Amino acid sequence: MRVCYVETLGQKLNGSQQSLLNLIDQLKDKNIEPYLVCHTRWELLSVAEKRGIKTFVVPQKGLVIQEKDMSIKQRLKYPIKLGYNALQVPKAVRFLKENKIDIVHLNTTLTSSIWAEAAKKAGIKYVWHVREFLDLDHNRVILNKKRIIQLLREADAVIAISKAVKAHWDKTLGISCRLIYNGLPLNEYYDEITPDRFDGDINCLIVGRITYNKGQMDAVKAIKRLKERGFSNIRLIVVGYRGISPYELELKKYIEDNGLSDQIELVDYTYDMAQYRRRCQIGLMCSKAEAFGRVTIEYQLAGLAVIGSNSGGTPELISDNETGALYTFGDDKELADKIEALANDREKMKSIAHSGQQSAVSNFTIQRTAENVRKLYDEITQNSGSGGSNEN
């Protein structure tokens, strides 16, 4: 079976792209011949080509933008962007037909809709992988929302990566999406928990794009509270800092103004996360509405005790006080209390880390995800049904 995967977001490898590559790697062993298309030569294509994946580029204009950018200027550009994208559809149709593609798999709702349009024109089944809420987590809006919603409804299947995302899009689309959780390759993230892992000072880790919705300020303010309580041995590593956005600069200023530089380390975007996970005992997922929480599973597999916000898909990955701990987004006092409780009870911290790791290994492997996706492909190529039933 030949499947064309479509991704058009992010110059650097982000979570959705890593999840896509992991999925493709597994599906190649299930008689899937993958093709990967993008609208420009981003890093994703270079990485894919090194893995032996055939790639193709079709330019397009983005029609999903930040809410803050919804200006009159953007609205005036909209018809031009639509016209430009329409001119690319025939090129996409030719690619699909020439390569005898059986299924088109769009990787996120941020992915260009021209490939859904092309699949329809070519008479090819298409799957849309929904990896975000869009508005709640990315503060983004779709310029051509009516048409995108229609294309999503007409897809042969819509995959949601968590129950929270499924509920959101079921309501938006008026159909039942297929629930298939993300999975990770264990060999890339799993670390044995050593007997002395939770002795000594405590290092907390928060990883992700530095934005308000990712909640880094909650973590920074929690460290301030802990310092005021006398916990100078609890530190925080913030990975993803580039110092280019107002929120990043606000974060840095708060750290400096409150004398936290000795306890908080700002680290630039990096792919070498293992070195930081091994330095830490607690992983923080402070997002306002995390769609799934790939980083949460990375923490758990690496043997960290995870504290996450009680919102989005995070509660599906963390059972409070069992496989992790939950706090309320925006409540830095509650987050500080959760960190302090673990710091004062190292056996509890160790127990949570072990339970979280076991849960991740049991429930969130890329093999399981690939098996479910392959099963879905078989279903939609054998009948004309759409949507689908729930499946973990």
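The values are calculated or read from the model by the stated rules, or taken from the named source; none is laboratory data. Remember, it's a predicted structure, so these values are computed and weren't measured experimentally. Backbone-built Cβ (ideal geometry, glycine too); neighbour counts: all protein chains shown. The protein model used for the area step is the full one, side chains on, heavy atoms only, and it has no ligands, DNA or RNA in it. Shrake-Rupley method; radii C 1.70, N 1.55, O 1.52, S 1.80 Å.
Across region 337-382, the number of residues qualifying as of a type in the set (D, E, K, R), under 26 Å from Pro185 (Cβ atoms) and not in a helix (DSSP H, G or I) comes to 0.
Can you go through Leu342, Leu304, Leu284, Leu376 and tell me which one is touching a Gly at 6+ places or on another chain (Cβ under 6 Å) and among the aliphatic types (A, V, I, L, M)?
On inspection, the qualifying residue turns out to be Leu304.
Among the residues of region 110-141, those that are part of a strand (DSSP E or B) and either open to solvent by less than 10 Å² (accessible area, probe 1.4 Å) or of a type outside the set (D, E, K, R) (or both) comprise Tyr126, Val127, Trp128, His129, Val130, Val141. Scanning region 296-343 for residues being within 26 Å of Ser19 (Cβ to Cβ), of a type outside the set (A, V, I, L, M) and open to solvent by 10 Å² or more (accessible area, probe 1.4 Å) gives a total of 11. Taking region 309-327 as the range and being within 15 Å of Met349 (Cβ to Cβ) and within 17 Å of the chain's Cα centre (by Cα) as the test, only Ile318 passes.
Within region 56-78, is there a residue that is aromatic (Phe, Trp, Tyr), surrounded by fewer than 21 Cβ atoms within 10 Å (Cβ to Cβ), at pLDDT below 95 and more than 27 Å from the chain's Cα centre (by Cα)? Checked region 56-78: at least one residue is aromatic (Phe, Trp, Tyr), surrounded by fewer than 21 Cβ atoms within 10 Å (Cβ to Cβ), at pLDDT below 95 and more than 27 Å from the chain's Cα centre (by Cα). Does Gly293 qualify as being more than 22 Å from Glu340 (Cβ to Cβ), at pLDDT below 95 and open to solvent by less than 10 Å² (accessible area, probe 1.4 Å)? Here the answer is yes, as Gly293 does meet what is asked.
For residues that are at pLDDT 85 or above and outside any helix (DSSP H, G or I), scanning just region 8-38, find the one that is most open to solvent (accessible area, probe 1.4 Å). Lay out the reasoning, then the answer.
Taking region 8-38 and keeping what is at pLDDT 85 or above, we get 16-38.
Remaining after also requiring outside any helix (DSSP H, G or I): 31-38.
On the way: Asn31: 117, Ile32: 10, Glu33: 60, Pro34: 14, Tyr35: 11, Leu36: 0, Val37: 0, Cys38: 3 Å².
Looking at residues that are at pLDDT 85 or above and outside any helix (DSSP H, G or I), I get Asn31.
Within the set Asn99, Asn107, Asn144, the sole residue that is among the polar types (S, T, N, Q) and crowded, with 23+ Cβ neighbours inside 10 Å turns out to be Asn107.
Report whether or not Gln275 is farther than 17 Å from Phe364 by Cβ, touching a Phe, Trp or Tyr at 6+ places or on another chain (Cβ under 6 Å) and open to solvent by 10 Å² or more (accessible area, probe 1.4 Å). Let's see the steps before the verdict.
Details: farther than 17 Å from Phe364 by Cβ: yes; touching a Phe, Trp or Tyr at 6+ places or on another chain (Cβ under 6 Å): no; open to solvent by 10 Å² or more (accessible area, probe 1.4 Å): yes.
Answer is no for this residue.
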